[in-house]
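What follows is a single structure, written as structure tokens, with notes after it.
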Amino acid sequence: MDIYLPIAALSVDVFVLLGLGGAVGFLSGIFGVGGGFLLTPLLIFIGIPPAVAVASSANQLVGASVSGAIAHWRRGNVDFQMGFVLLIGGFLGSGFGVWLFAVLRRIGQVELVVSMLYVALLGVLGTLMLIESTRAILRQRRPGGTRRKLHTHMWIHGMPLKMRFRRSKLYISAIVPVGLGFLIGMLSAIMGVGGGFVMVPAMIYMLGMPTAVVPGTSLLQIIFVAANVTILQAAGNGTVDAVLTMILLAGGVIGAQLGTRFGAKLRGEQLRALLALLVLAVAVKLARDLGVRPEDLYSVVMEGGQ
Amino acid sequence: MSPGIRRVALAGLLAALAAPLGAHAQSVVADLTSHLVAITTGFNGTSVVLFGATEGAGDVLVVVQGPARDMIVRHKSKVAAVWVNTRQVTFTAVPSFYAIASSKPLAEIAPSGLLQLQQIGLDNLHLTTDRPLPAADAAEFRTALVRNQERDGLYLPEAGQVTFLGNRLFRTTIGIPANVPTGIYLVQVFLLRNNAVVSGQTVPLVVSELGVDAEVHDFADRYAFAYGVAAVALAALAGWLASLPFRNA
């Protein structure tokens, strides 16, 4: 059954969208990531204009993250204080990102920049996470292994404006989470992602937060950054398709709830290894596409439309 | 679609209804079975029937043009193992949709000079760029524009068939694909006799979003910020609702 999307201005099979939303939502629930890094490329793949895909994914993330964050909040796995500090950076970063997106769109380089950002980020992160989680799994198999410290103190944690984060049991410089938030906010605006795939590893390895509070806090931050991006994209670029969003959500929120339950049964290291493989697969696919000669070297964009 | 365009669309509609009244002096009269293509939630393309009558013998040629838009054509080339948009050309006031239909093959009813003069057929469309270009470049980008539009089904490379029912009545079907741009389309009907145009008529066709989709689009255009806020609120509400059944799990 086809449905007409008013902002994207085309018809798409509603069941394709529902299935897409459900699959991405399921992964989002398991890993505590928004799933936008899969949703945006998939939407572009089924023919949604990239600008609309990025902005509508951000909108979809709001709903998917609310649903996921509530599930984690009920388990007490959200560090609100850390979330708030991350958000300060997130708002600044997403504002900058939406502006940058509009500039890239004008000069016709949005797709290229978005693809290259995906390849670079996903490639590096996927590799690092795969190495780390493989090591952790191997270490666990050997009985009597040394117990790790609560977290490793790095030089960046010693920067000024130190703050105490009770829930995460950390005493570190607020500049680190603000800077991290800025970076994620910018990625969110340009790539239509919540940034969970950067945020989750960064929280674990850079901030040194306990793994249990990471997904919930990451989702909390994603809700607000994605909301900011949605409003700025709607007001500035007119690319948010609410009908598309709601269909993706209908499938996505249910998938996310199931995913959260499924994820609770998996062990942390296995979860991280799975996510690493997934991230690498997307990176490889996108990298290959960049180097493949397009069927038509010329493309046409209608001005005023998308 | 903005309210301004909608008003223009309405004016066009009224003009269309009025047009047949003044048609008695012409030797070709034509009209559409419907002057409005409504893009609603389930829209997946449609077709509109054009019918008419000629006075005396002759051949009929129908040209359908979508609203003029500026189109940017970009060219990719390989830069360090990656395909990058390296050149772009903007064509101004390009028909967003183009289709023709005729009662006989074009070459049989009109000399190429006439087709060029009237800009009939994809090869004869005058497409102008926003800045002067070397002729070879202009031709290259122009070909690319037409090819892309053809691939999207917005330019129909082959002329459709105008069929005569008896000597004077004729009809043809205009296919409207699912991805058509909204706006006012002009359907030009020419009567040709002895390799010359002896009569013509233009019938407007409005392609417009209707119903919930139109409301959403209209709201998003006019109150972009409020639309953004509403989109966020709706999404958040949906997320919260979805978490309710799982509360006690």
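The values are calculated or read from the model by the stated rules, or taken from the named source; none is laboratory data. Quantities reported herein were computed from a predicted structural model and do not represent experimental measurements. Quick reminder, even Gly has a Cβ in these numbers, built from the backbone with ideal geometry, and neighbours come from all protein chains shown.
Summed over region B:36-86, residues that are at pLDDT 90 or above and more than 14 Å from every other protein chain (Cβ to nearest Cβ) total 16. Residues of region A:164-186 that are modelled with pLDDT of 85 or more and either among the hydrophobic types (A, V, I, L, M, F, W, C) or more than 23 Å from the chain's Cα centre (by Cα) (or both): A:VAL178, A:LEU180, A:PHE182, A:LEU183, A:ILE184, A:MET186. If only residues of region A:5-27 that are of a type outside the set (Gly, Ala, Ser) and free of Cβ contacts under 8 Å to residues at least 24 places away in the same chain are counted, the one that is farthest from B:LEU154 (Cα to Cα) is A:PHE15.
Scanning region B:128-150 for residues that are away from every other protein chain (no Cβ under 12 Å) and buried (at least 18 other Cβ atoms within 10 Å of the Cβ) turns up nothing. Restricting attention to region A:274-306, the residues that are more than 17 Å from the chain's Cα centre (by Cα) and part of a helix (DSSP H, G or I) total 7. Checked against (1) within 10 Å of chain B (Cβ to nearest Cβ); (2) surrounded by fewer than 24 Cβ atoms within 10 Å (Cβ to Cβ), A:ALA226 passes all but condition (2). Working only within region A:243-255, note down all residues that are within 7 Å of chain B (Cβ to nearest Cβ), modelled with pLDDT of 85 or more and either crowded, with 24+ Cβ neighbours inside 10 Å or within 14 Å of A:GLY68 (Cα to Cα) (or both). Across region A:243-255, the qualifying residues are A:THR245, A:LEU249.
Is region B:195-212 home to any residue that is facing another protein chain (nearest Cβ under 7 Å), surrounded by 15 or more Cβ atoms within 10 Å (Cβ to Cβ), out of contact with any Gly (no Cβ under 7 Å at 6 or more places or on another chain) and not β-branched (Val, Ile, Thr)? Among the residues of region B:195-212, at least one is facing another protein chain (nearest Cβ under 7 Å), surrounded by 15 or more Cβ atoms within 10 Å (Cβ to Cβ), out of contact with any Gly (no Cβ under 7 Å at 6 or more places or on another chain) and not β-branched (Val, Ile, Thr), which makes the answer yes. Screening A:ILE7 against (1) of a type outside the set (Phe, Trp, Tyr); (2) within 14 Å of chain B (Cβ to nearest Cβ); (3) crowded, with 24+ Cβ neighbours inside 10 Å; (4) assigned to a helix (DSSP H, G or I) leaves a single unmet condition, (4). Select from region A:92-123 the residues that are under 16 Å from B:GLN88 (Cα atoms), part of a helix (DSSP H, G or I) and not charged (D, E, K, R) and list them in ascending order. Within region A:92-123, A:VAL103, A:LEU104, A:VAL110, A:LEU112 qualify. Which one is surrounded by the most Cβ atoms within 10 Å (Cβ to Cβ), of the residues in region B:213-249 that are in contact (Cβ under 8 Å) with a residue 24 or more places away in the chain, within 8 Å of chain A (Cβ to nearest Cβ) and within 14 Å of B:THR40 (Cα to Cα)? By that ranking, first place goes to B:HIS217.
Scanning region B:180-194 for residues that are out of contact with any helix residue (DSSP H, G or I) (no Cβ under 6 Å at 6 or more places or on another chain) and either among the small types (Gly, Ala, Ser) or more than 11 Å from B:GLY58 (Cβ to Cβ) (or both) yields B:VAL180, B:PRO181, B:THR182, B:GLY183, B:TYR185, B:LEU186, B:VAL187, B:GLN188, B:VAL189. On the stretch given as region B:184-224, residues that are modelled with pLDDT of 90 or more and closer than 24 Å to B:GLN149 by Cα total 12. None of A:VAL52, A:VAL62 is of a type outside the set (Gly, Ala, Ser), under 14 Å from the mean Cα position of the chain (by Cα) and buried (at least 22 other Cβ atoms within 10 Å of the Cβ) except A:VAL62. B:ALA57 fulfils the conditions (1) surrounded by fewer than 18 Cβ atoms within 10 Å (Cβ to Cβ); (2) assigned to a loop (DSSP other than H, G, I, E, B); (3) in contact with a Phe, Trp or Tyr (Cβ under 9 Å, 6 or more places away or on another chain) except for a single criterion, (3). Right, B:ILE100: out of contact with any helix residue (DSSP H, G or I) (no Cβ under 7 Å at 6 or more places or on another chain), surrounded by 20 or more Cβ atoms within 10 Å (Cβ to Cβ) and farther than 30 Å from A:VAL12 by Cα or not? Spelling it out, it is not the case that B:ILE100 is out of contact with any helix residue (DSSP H, G or I) (no Cβ under 7 Å at 6 or more places or on another chain), surrounded by 20 or more Cβ atoms within 10 Å (Cβ to Cβ) and farther than 30 Å from A:VAL12 by Cα. The single residue among A:SER57, A:SER28 that is at pLDDT below 85, more than 9 Å from every other protein chain (Cβ to nearest Cβ) and buried (at least 24 other Cβ atoms within 10 Å of the Cβ) turns out to be A:SER28. A Cβ distance below 9 Å, combined with a sequence gap of six or more or placement on separate chains, defines the contacts here; from region A:275-299, residues that are within 14 Å of chain B (Cβ to nearest Cβ) reach residues that are of a type in the set (Ser, Thr, Tyr) in the pairs A:LEU286/A:SER115; A:LEU286/A:TYR118; A:ALA287/A:SER115; A:ALA287/A:TYR118; A:ASP289/A:SER115; A:LEU290/A:SER115; A:LEU297/B:SER77; A:TYR298/B:THR143.
To keep it simple, each residue is scored yes or no on (1) touching a strand residue (DSSP E or B) at 6+ places or on another chain (Cβ under 7 Å); (2) crowded, with 21+ Cβ neighbours inside 10 Å; (3) in contact (Cβ under 8 Å) with a residue 60 or more places away in the chain; (4) in a strand (DSSP E or B).
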| site | (1), (2), (3), (4) |
| --- | --- |
| B:LEU61 | yes, yes, yes, yes |
| B:ILE72 | yes, no, no, yes |
| B:ARG87 | yes, no, no, yes |
| B:LYS104 | yes, no, no, no |
| B:GLY113 | no, no, no, no |
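Summed over region A:259-273, residues that are of a type in the set (S, T, N, Q) and either within 14 Å of chain B (Cβ to nearest Cβ) or under 18 Å from the mean Cα position of the chain (by Cα) (or both) total 1.
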